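Some notes on the structure that comes next.
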Amino acid sequence: MLFSPTGVSECFREWGDIEKDYQQIQDTHRLYKQKLEEVTKLQVSCTAAIERQRKKLKELSASLEECKAKHPEQKLSPEDVESIADIEVSIGERDNTFSEMEAFLPKKNGLYLTLVLGNVNVTLLNKQSKFAYKDEYEKFKLVLTVILFLFSFTCRFLFSYRNLTRTGLRRPSGGALDAMFNFLLVWYYCTLTIRESILINNGSRIRGWWVFHHYVSTFLSGVMLTWPEGTLYQMFRNQFLSYCLYQSFVQFLQYYYQSGCLYRLRALGERHNMDLTVEGFQSWMWRGLTFLLPFLFFGHFWQLYNSVTLFKMFQLPECKEWQVAMCGCSYMVLYLGNFITTLGVVYQKYMKNQDNKSKSL
Ligand code: COA
């Protein structure tokens, strides 16, 4: 409990102490503001210096290319050719270093973030905050995955078309529930695109496709939301809800893998897993990936199956809804993008792994 003065003299003494504390708070805050100004100045000068160096390096690269092109006339010695190659490698490495530096410097938001948030600085200035934000992103996905799983289960098995018609209800299917479910999906994917843009701003190496995949998913869920009740909707409804159930299950496995990578990387010094050569991490990652990949590929083929089903439905004479073709195209885009990108990620990881192995021999 706080000390509470009883007599007047004690009150005066307490006031004296409070005054001293107050002075100290003011001094600390003044110092804090001064340091903030210094940090802002350093940020500006660092950003400008990086920009200048980048420009110079670009010009130098172009000049070196020109020198190499004129090689026979200029008669470059083998040492010169070797030095040029060394400089080119260093220029490539410097570009990566600059990108890592920029992850800790404020930068202008891209078009999407500017449209959604305005021009507010979203760069987190230390590694702990970046880690905490990424961790929070993974946990957010997990919580929503559980909610979406329960929601799709309810729509699929508790409010299904057959159950309700069997019980004699005239309006089949939980129409409002389906709408709420699709609305939740739209909101979820929209939120993911914003969070992922902020992560990219903070140096995350999320591939452009995964972000685009969430834009397409937002669009797809939006179209599903507008699909009116009818025979065609009912024809696709169960397949769609079963797919959503499966997707939530895969998302749960993905969470286990991604958060495992995140915590292990943090323990190993917070580098990107593509760069990491530590044996223990690599074997854990490959074990995780080999377990996850069959489930992922099955999900991709389900997207293809959804797309084919919708295209077949589109050919039916009673098909009047534009949503059928739109959803079919969206599923096809998702299938192609997810399948090709996942194969690309695995191939790149495999090549990097082989490269690291040959370097360590
Ligand atoms: N969504 C969001 N972020 C992703 C992602 C995804 N699908 N895949 C990778 N990332 C992030 C990683 O967390 C990492 O972030 P960081 O730089 O902040 O640490 C970065 O992108 C680089 O990751 P990378 O090394 O390329 O891949 P990974 O080992 O983390 O994951 C896969 C590889 C194949 C498991 C992952 O890309 C994946 O799950 N893909 C399939 C998604 C899919 O098809 N979903 C539909 C299922 S039906």
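The values are calculated or read from the model by the stated rules, or taken from the named source; none is laboratory data. This is a predicted model, so every value here is computed, not measured. With ideal geometry, Cβ positions are generated from the backbone for all residues, glycine too; neighbour counts draw on all protein chains shown. Ligands, DNA and RNA are stripped out before the accessible areas are found, and what is left, the full protein with its side chains, is counted by its heavy atoms. Shrake-Rupley method; radii C 1.70, N 1.55, O 1.52, S 1.80 Å.
Before moving on, here are some points about what is shown:
- All of (1) open to solvent by 80 Å² or more (accessible area, probe 1.4 Å); (2) in a loop (DSSP other than H, G, I, E, B) hold for Glu136 with one exception: (2).
- The residues in the range 16-41 that are more than 27 Å from Pro106 (Cβ to Cβ) and either in contact with a Pro (Cβ under 9 Å, 6 or more places away or on another chain) or not polar (S, T, N, Q) (or both) can be counted, and the count is 9.
- Residues in the range 1-33 that are aliphatic (A, V, I, L, M) and assigned to a helix (DSSP H, G or I): Val8, Ile18, Ile25, Leu31.
Residue-wise test of (1) within 15 Å of the chain's Cα centre (by Cα); (2) within 16 Å of the ligand (Cβ to nearest atom); (3) within 16 Å of Met332 (Cα to Cα); (4) crowded, with 20+ Cβ neighbours inside 10 Å.
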| site | (1), (2), (3), (4) |
| --- | --- |
| Trp209 | yes, yes, yes, no |
| Phe212 | yes, yes, yes, no |
| Phe219 | no, yes, yes, no |
| Gly230 | no, no, no, no |
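- Annotation note: of Leu304, Leu316, Leu296, the sole residue that is closer than 19 Å to Tyr189 by Cα and in contact with a Leu (Cβ under 9 Å, 6 or more places away or on another chain) is Leu296.
- Boolean, Met332 is more than 11 Å from the ligand (Cβ to nearest atom), part of a helix (DSSP H, G or I), open to solvent by 30 Å² or more (accessible area, probe 1.4 Å) and in contact (Cβ under 8 Å) with a residue 40 or more places away in the chain: no
- Count - residues of the range 108-133 that are open to solvent by less than 80 Å² (accessible area, probe 1.4 Å) and more than 18 Å from the chain's Cα centre (by Cα): 3
- For the range 344-359, the set of residues classified as near the ligand (Cβ under 9 Å from one of its atoms) and either open to solvent by 60 Å² or more (accessible area, probe 1.4 Å) or closer than 17 Å to Thr218 by Cα (or both) consists of Gln348 only.
- Given (1) open to solvent by 100 Å² or more (accessible area, probe 1.4 Å); (2) in contact with a Lys or Arg (Cβ under 8 Å, 6 or more places away or on another chain), number of the condition Ile84 does not satisfy: (1)
- Residue in the range 7-27 that is aliphatic (A, V, I, L, M), open to solvent by 80 Å² or more (accessible area, probe 1.4 Å) and within 21 Å of Phe98 (Cα to Cα) present: no
- Which numbered condition Phe291 misses (of (1) within 16 Å of the ligand (Cβ to nearest atom); (2) out of contact with any helix residue (DSSP H, G or I) (no Cβ under 8 Å at 6 or more places or on another chain); (3) open to solvent by 70 Å² or more (accessible area, probe 1.4 Å)): (2)
- For the range 190-207, filtering for residues that are part of a helix (DSSP H, G or I) and within 14 Å of the ligand (Cβ to nearest atom) leaves 11.
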